[in-house]
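This report concerns only the one structure given below.
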Amino acid sequence: NWIALRLLGTESNRSAIGALIRLDNGVVRQMRTVSGGDSAHSQSDLTQHFGLGDSPGANVEILWPSGRVQQVMQLPANRFYLVDEDTGLVAEALVEAQAVHDVAAGTLTVRAQSNYGGRTGLWVQPMNQRLDYDAAARAWRVVLPDGPGIPPSVRIESERGGSWEIPVEAAP
């Protein structure tokens, strides 16, 4: 089991470089410092990964460079989390989404961008079809064959619990 955190500074620097993260899973306490890099021409990954062993989750305390102390309690394991210095845990949101029915091509294309990037899972309903992540485009996408009764809208559901209704547009 694991937890991964990406911090978003507001009062502190945006990358939260210098923030100290303490994690307690009830068995082991761990600590990480967000670093910008350790040598010339290098950059550290800003996402902080914690191994949890068999623990189902953990509590986290963040000491921000601004001096603010923030606690995020009872985080379930095996998830990536965005944590904002002002608001705490960031809920998943779609940055962009569209569903386009192309009658000539016989397809329904659903495309979405999440503020969690590729670190989530998205499905289109009522087709129950998982969208594929295209890292180069930083977007989720699926092309479905045309069928009888294309609905006026589709619902995009996230493994994080979010659900968004997207109107189906006709291709130009």
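The values are calculated or read from the model by the stated rules, or taken from the named source; none is laboratory data. On a predicted model such as this, the values are computed, not experimentally measured, just so you know. Note: ideal-geometry Cβ built from the backbone for every residue, glycine included; neighbour counts use all protein chains shown.
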Worksheet, complete the sentence: Output for Cβ contacts, cut-off 9 Å, separation at least six or different chains, first residue not assigned by TED's automatic domain parsing to the domain that holds S114 in the stretch 141-155, second modelled with pLDDT of 90 or more and part of a loop (DSSP other than H, G, I, E, B), reads none
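Please pick out the residue among S66, S55, S42 that is at pLDDT below 95 and either among the aliphatic types (A, V, I, L, M) or outside any strand (DSSP E or B) (or both). Let's see the steps before the verdict.
Working: S66 fails: at pLDDT below 95; S55 fails: at pLDDT below 95.
Unique residue meeting the criteria: S42.
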Worksheet item: Within the set of pairs 6 or more residues apart or between chains, which connect a residue that is free of Cβ contacts under 8 Å to residues at least 60 places away in the same chain and in the same structural domain as I21 (by TED's automatic domain parsing) inside the stretch 41-52 to a residue that is acidic (D, E) and loosely packed, with under 14 Cβ neighbours inside 10 Å with Cβ atoms less than 8 Å apart?
Response: S44/D38
Worksheet item: Can you tell me which of L5, L23, L82, L75 is farther than 21 Å from T120 by Cα, part of a strand (DSSP E or B), touching a strand residue (DSSP E or B) at 6+ places or on another chain (Cβ under 8 Å) and touching a residue at least 24 places away in the same chain (Cβ under 8 Å)?
Response: L23
